[in-house]
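S.K.: Handing you a structure now.
The values are calculated or read from the model by the stated rules, or taken from the named source; none is laboratory data. Not measured: the values here are computed from a predicted model. Counting neighbours? That spans all protein chains shown, and the Cβs are built from the backbone with ideal geometry, glycine included.
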Amino acid sequence: MVEFALVAPVFFLLLLVSFEFARLNVIRHTADNAAYEAARIAMVPGATAAEAVAEANRILNIVSTRGATVTVNPATLGLNTNQITVTIDVPLSQNGWITPRFTSTQNMRSVSTLKAERTGQ
């Protein structure tokens, strides 16, 4: 009993921390994928930044990411757009179970830059 009383809190702490880091890792990989897929949507002729933002948010909603900010640069896609950059910021304060106590001001950032397929180049 004494050994269990000493070891159990440490074991359960490590178990909770491993779940937390696994969840944050899933969110990080999903944000990377969402930035890439949004940039792929925006790179084709006729696409808009709003379509890219919608695609990124659709992918982020799969893992219930909360409070993410999606930015497409340039905001207006024209025929002379050479490259598109999609940036996604995910606040840890809204997406962690344990870490918000320690990382309340931190964000995970994913950036994807692709060359545009525009005819005006």
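S.K.: Just give me the residues in the stretch 6-57 being β-branched (Val, Ile, Thr) and under 17 Å from Ser110 (Cβ atoms), in sequence order. Before the answer, list the steps.
M.R.: First, the residues of the stretch 6-57 that are β-branched (Val, Ile, Thr): 7, 10, 17, 26-27, 30, 41, 44, 48, 53.
Answer for the stretch 6-57, where residues must be β-branched (Val, Ile, Thr) and under 17 Å from Ser110 (Cβ atoms): Val26, Ile27, Thr30, Ile41, Val53.
S.K.: While we're here: Considering only residues that are over 15 Å from Arg23 (Cα atoms) and either loosely packed, with under 14 Cβ neighbours inside 10 Å or touching a Gly at 6+ places or on another chain (Cβ under 6 Å) (or both), which ones fall in the stretch 85-105?
M.R.: Hits for the stretch 85-105 are Arg101, Phe102, Ser104, Thr105.
S.K.: Here's a follow-up. So, in the stretch 76-94, how many residues would count as being at pLDDT below 95, within 15 Å of Lys115 (Cα to Cα), touching a helix residue (DSSP H, G or I) at 6+ places or on another chain (Cβ under 9 Å) and aliphatic (A, V, I, L, M)?
M.R.: Qualifying residue count for the region: 2.
S.K.: From the list Ala39, Ala35, which residue is surrounded by 16 or more Cβ atoms within 10 Å (Cβ to Cβ) and over 10 Å from the mean Cα position of the chain (by Cα)? I'd like the intermediate steps shown before the answer.
M.R.: Values: Ala35 fails: over 10 Å from the mean Cα position of the chain (by Cα).
Being surrounded by 16 or more Cβ atoms within 10 Å (Cβ to Cβ) and over 10 Å from the mean Cα position of the chain (by Cα) holds for just one of Ala39, Ala35, which is Ala39.
S.K.: Assuming Asn95 fulfils every condition listed in (1) over 19 Å from Leu24 (Cβ atoms); (2) under 11 Å from the mean Cα position of the chain (by Cα) apart from one, which condition is it?
M.R.: For Asn95, the failing item is (1).
S.K.: I would also like to ask the following. I'm told Asn61 meets every condition in (1) over 24 Å from Phe19 (Cα atoms); (2) of a type in the set (S, T, N, Q); (3) modelled with pLDDT of 95 or more except one. Can you identify the failing condition by its number?
M.R.: Result: Asn61 fails condition (1) only.
S.K.: Among the numbered criteria (1) in contact (Cβ under 8 Å) with a residue 40 or more places away in the chain; (2) surrounded by 18 or more Cβ atoms within 10 Å (Cβ to Cβ), which one does Val44 miss?
M.R.: Unmet condition: (2).
S.K.: Now a separate question. I'd like to verify a number: residues in the stretch 60-84 that are closer than 20 Å to Asn107 by Cα, surrounded by fewer than 21 Cβ atoms within 10 Å (Cβ to Cβ) and either touching an Asp or Glu at 6+ places or on another chain (Cβ under 6 Å) or in contact (Cβ under 8 Å) with a residue 12 or more places away in the chain (or both), how many?
M.R.: Step one: list which residues in the stretch 60-84 are closer than 20 Å to Asn107 by Cα, which gives 60-73.
Adding the requirement that they be surrounded by fewer than 21 Cβ atoms within 10 Å (Cβ to Cβ) leaves 61-64, 66-67, 69, 71, 73.
Remaining after also requiring either touching an Asp or Glu at 6+ places or on another chain (Cβ under 6 Å) or in contact (Cβ under 8 Å) with a residue 12 or more places away in the chain (or both): 62-63, 66-67, 69, 71, 73.
The total comes to 7.
S.K.: Filter the stretch 106-121 down to the residues that are modelled with pLDDT under 85 and surrounded by 16 or more Cβ atoms within 10 Å (Cβ to Cβ) and list them by number.
M.R.: At the first step, the residues of the stretch 106-121 found to be modelled with pLDDT under 85 are 117-121.
Hit for the stretch 106-121 is Arg118, nothing else.
S.K.: Can you tell me how many residues within the stretch 80-97 are more than 17 Å from Val63 (Cα to Cα) and aliphatic (A, V, I, L, M)? If you could, list the steps in order and put the result at the bottom.
M.R.: We begin by selecting, within the stretch 80-97, every residue more than 17 Å from Val63 (Cα to Cα); these are 80-87.
Narrowing the set further to residues that are aliphatic (A, V, I, L, M) leaves 84, 86.
Total satisfying the criteria: 2.
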